[in-house]
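Reviewing the structure listed below.
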Amino acid sequence: MLMTVKYLIGSAGPSGFGSKSTAEEVTEACTHISSITAIITGATSGIGAETALVLAKRGARLILPARSLKAAEEAKARIISECPGSDIIILPLDLSSLASVRSFVSLFLSLDLPLNLLINNAGKFSDRHAVSEDGVEMTFATNYLGHFLLTKLLLEKMAETAKVTGIEGRIVNVSSTIHSWFTGDGIQYLDNVTRKKIPYDPTKAYSFSKLANVLHTKALSEKLKEMNANVTANCVHPGIVRTRLTRDREGLITDVVFFLASKLLKTIPQAAATTCYVAVHPTLAGVSGKYFSDCNESATSKLACNDQEAFRLWEFSDKLTIEKAVVGFKSFTSLRTKQFIV
């Protein structure tokens, strides 16, 4: 009850910020932003667009990956209209396609630019069952697996940039409190839902992808330590906000639910605050492997803080991104017979 009251009134936490803080407010003291280059996925609308706008206002160079180049150009135009002279580069990327992820990384690396910040923000809530070109359930492929590969392929560049510039690199994975809704055997569930062995439940598919984001952050933080890289990885819950994420479920029921929950909703500037805080605020130097909500460190579900499951998911994902998904599933029969998530 106390936490709900603090949320509703926007009471500041240990960081000095709370649920009512905006992205512009949390970046006011971040003078170093003009020196960074950032990749932000899902920056054509919603929270991602606000994150990109605020970082551009602070002087960051932006790389905006997008499946729709038209939408990306429109997003770029909106930013430039508010921040003339902003340095923004658009590159094609479809996160549901592993080949597209590899192509994006190749194009980006060919530009010979530094990379200080990677914000894995893009998300999909699919109302209908679909499978990616790699043979993976679409929500998992888009929200998690594409970001996993993108991050893996950019780690060396980020470590190199941090070493050369002396500026700590940061990776921010955007998850959701909905990660705590998933229970069961994750690998088995993914196999079953991909192959349509069980009915498709969009909320369960989404919650599993968000749990995977949190587990990814945990394992990634340890990998970065092993690399001795001056790069951190953290995860955020932006809060409840109505964005284009729910575009597949527009209608009377959705409208009513959001109306009834309106007092709990954040504005988009408020929802982007935690991402921006974790991405650039100086007080988080050296902080890695954590989960943040309302601009303060928060607790995850019991499943999400399990080291063994984090590294098992990493191993599974690594295999999936190397081989075609169907082969990957067959190769990981032993993983599916073991307890993955309980």
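The values are calculated or read from the model by the stated rules, or taken from the named source; none is laboratory data. Everything quoted here is computed from the prediction, not taken from an experiment. Ideal geometry is used to build each Cβ from the backbone, glycine not excepted, and the neighbour counts take in all protein chains shown. Quick note on the areas: whole protein, heavy atoms, side chains included, nothing else; ligands and nucleic acids left out. Shrake-Rupley method; radii C 1.70, N 1.55, O 1.52, S 1.80 Å.
Brief remarks follow.
- Table column - 3J(HN,Hα) (Hz), region 27-33, Karplus curve with 6.51, -1.76, 1.60, x for Gly and Pro: 9, 4, 8, 9, 6, 7, 4
- Magnitude of the charge dipole, region 70-122, Cβ model with Lys/Arg +1 and Asp/Glu -1, debye to 20: 120
- Basic side chains Lys and Arg get +1 at the Cβ, acidic Asp and Glu get -1 at the Cβ, and with that the dipole of region 157-208 about its Cα centre reaches some 140 debye.
- Sorted peptide list for 296-304, 142-150, criterion being average Cβ within 10 angstrom, highest first: 142-150, 296-304
- Separation between Cα centres of region 263-296 and region 38-103, rounded to whole Å: 19
- Here region 27-148 exposes an accessible surface that is 50 percent carbon and sulfur, computed with a 1.4 Å probe and the other protein chains kept in place.
- Distant-in-sequence amide contacts of Leu265, defined by a placed amide H-H separation under 5 Å and a gap of 5 or more residues or a different chain, comprise nothing.
- Between Ala233 and Ile171, Gly289, the built amide H atoms are under 5 Å apart, and every one of these is 5 or more places off in sequence or on another chain.
- Cα gyration tensor shape for region 42-166, rounded if a/c is under 1.5, else prolate or oblate: oblate
- Pairwise FRET efficiency - Thr165 versus Thr283, Cβ, R0 = 25 Å, nearest 0.05: 0.80
- A cut-off under 12 angstrom between Cβ atoms defines the neighbours of Ala141, and their net charge, with Lys, Arg +1 and Asp, Glu -1, is -3.
- Along region 37-48 the Karplus relation, 6.51 cos²θ - 1.76 cosθ + 1.60 evaluated at θ = phi - 60°, assigns HN-Hα couplings of 10, 10, 9, 10, 7, x, 9, 8, 7, x, 4, x Hz to successive residues, with x for each Gly and Pro.
- In sequence order, calculated HN-Hα J values of region 176-183 (Karplus, 6.51, -1.76, 1.60; Hz; x Gly/Pro): 6, 4, 5, 4, 6, 7, 8, 9
- Debye, to nearest 20: dipole size of region 6-63, +1 on Lys, Arg Cβ, -1 on Asp, Glu Cβ: 40
- Extended-chain gain in nm, criterion 0.36 nm per residue less alpha-carbon gap, Ser35 and Thr203: 56.5 nm
- Between Ser103 and Lys302, full extension at 0.36 nm per residue minus the direct alpha carbon distance yields a gain of 68.0 nm.
- Proximity of backbone amide H atoms, modeled 1.01 Å from N, is registered between Leu91 and Leu64, Ala66 at under 5 Å, excluding neighbours fewer than 5 places apart on the same chain.
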